[in-house]
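Data first, discussion second: the structure below is written as structure tokens.
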Amino acid sequence: MNFLQDSLTGFLAREHRVVIVDITATKGSAPRDEGTFMLVAPTEIHGTIGGGQLEYAAIENARKLLADAGGEATLDIPLGPENGDCCGGRVALRFTFADEEARRALDRRLAEEERQKPQVWIFGAGHVGRALADALTMLPLKVFVVEARETALDQLTSEVHHRFAALPEALVADIPAGSAIVIVTHDHALDFRIGSQALQRTDLAYIGMVGSQSKRGMFLHHLDEQGMPRSAADRLVLPIGGSAVDNKRPEVIAAMTASEVLLAFAEWRRNNG
């Protein structure tokens, strides 16, 4: 069995006999939420409903259906010691053959999920920007990278949305409400211009800037010169990544910042429905 994950489009193009396994309900503690799905083919899988005995039982049932060797259209699986689990809840599963109609429905479902993904706008494609793009593209987020240097965009390895802009700060006003902005450009003055534009908005989930406490002091002085109240800076995370891990490698800063962004999105959802 190959557990390496390729794209859903690639999987469905390659596999013609597939069962869609949906979590339709959960009770108590469960490894994944209602709405999670995976695809099961005769020898391959795509996605996960949480692993462990739950997933093995789902795969076994799906392959029985594929082989016309029995199998159930639904399963209600307890997650307790009797099944080698310790979550203590229950998971209800639905098994659907991925015929043309089901595949079209899956396409619509994925398009809606894509539309609802929170957006992260990274300003700067230097070392930290590239590392952050790599970290965030593995998460259920839509990631944009903005650069004033077109050659820097060419160095991105992640599948992110590229935006070349001679005046990156001019894009800030059009970023959707509830998004996150992370400012990691090559130029302090540019950082400050982008940050100033971002802090004029009160509808963003996260505003972060790479730097140090010294840079924060410089930015506060910049805000004073602009006549912006210092209270606006309370919404700015600077430096990004915090101080809990004493390591300035771009990949470490990116990992810690990704955590900050996820927590900010969770808080935004709680406060804004």
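The values are calculated or read from the model by the stated rules, or taken from the named source; none is laboratory data. All values reported here derive from a predicted model rather than from experimental measurement. Cβ placement follows ideal geometry from the backbone for every residue including glycine, while neighbour counts extend to all protein chains displayed.
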Just one of the numbered conditions (1) of a type outside the set (Gly, Ala, Ser); (2) more than 25 Å from Pro250 (Cα to Cα); (3) surrounded by fewer than 18 Cβ atoms within 10 Å (Cβ to Cβ) is not true of Leu106; which one?
(3)
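Can you name the residue in region 72-88 that is surrounded by 16 or more Cβ atoms within 10 Å (Cβ to Cβ) and modelled with pLDDT under 90 and is also nearest to Asp22 (Cα to Cα) among such residues?
Ile77
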Got a sec? Which of Arg90, Arg94 is under 26 Å from Ala13 (Cα atoms) and not assigned by TED's automatic domain parsing to the domain that holds Thr185?
Arg94
Of the conditions (1) aliphatic (A, V, I, L, M); (2) at pLDDT below 90; (3) out of contact with any strand residue (DSSP E or B) (no Cβ under 6 Å at 6 or more places or on another chain), the single one that Val160 does not satisfy is (3)
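Which of the residues spanning region 250-273 are touching a residue at least 12 places away in the same chain (Cβ under 8 Å) and not aliphatic (A, V, I, L, M)?
Listed by number, the residues that qualify are Pro250, Glu251, Thr257, Glu260, Phe265, Glu267, Trp268, Asn272.
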So, first residue assigned by TED's automatic domain parsing to the domain that holds Asn61 and more than 16 Å from Asp76 (Cβ to Cβ) in region 21-41, second residue in a loop (DSSP other than H, G, I, E, B) and acidic (Asp, Glu), Cβ within less than 8 Å, six or more apart or across chains; the pairs are Leu39/Glu15; Ala41/Glu15
Would you check if there is a residue in region 225-234 being surrounded by 15 or more Cβ atoms within 10 Å (Cβ to Cβ), outside any helix (DSSP H, G or I) and in contact (Cβ under 8 Å) with a residue 24 or more places away in the chain?
yes
Being surrounded by 20 or more Cβ atoms within 10 Å (Cβ to Cβ) and more than 16 Å from Thr96 (Cα to Cα) is the filter here, so list the residues in region 27-44 that pass it.
Ala30
The one condition Val252 fails out of (1) in contact with a Leu (Cβ under 9 Å, 6 or more places away or on another chain); (2) in a helix (DSSP H, G or I); (3) closer than 23 Å to Asp134 by Cα is (1)
Within region 205-215, is there a residue that is outside any strand (DSSP E or B), modelled with pLDDT of 90 or more, within 30 Å of Glu114 (Cα to Cα) and over 19 Å from the mean Cα position of the chain (by Cα)?
yes
When you look at Glu60, is it out of contact with any strand residue (DSSP E or B) (no Cβ under 8 Å at 6 or more places or on another chain), modelled with pLDDT of 90 or more and either among the basic types (Lys, Arg) or over 16 Å from Ile23 (Cβ atoms) (or both), yes or no?
yes
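Has region 98-115 got any residue that is in a strand (DSSP E or B) and at pLDDT 90 or above?
Within region 98-115 (the criterion being in a strand (DSSP E or B) and at pLDDT 90 or above), the answer is no, since none of the residues qualifies.
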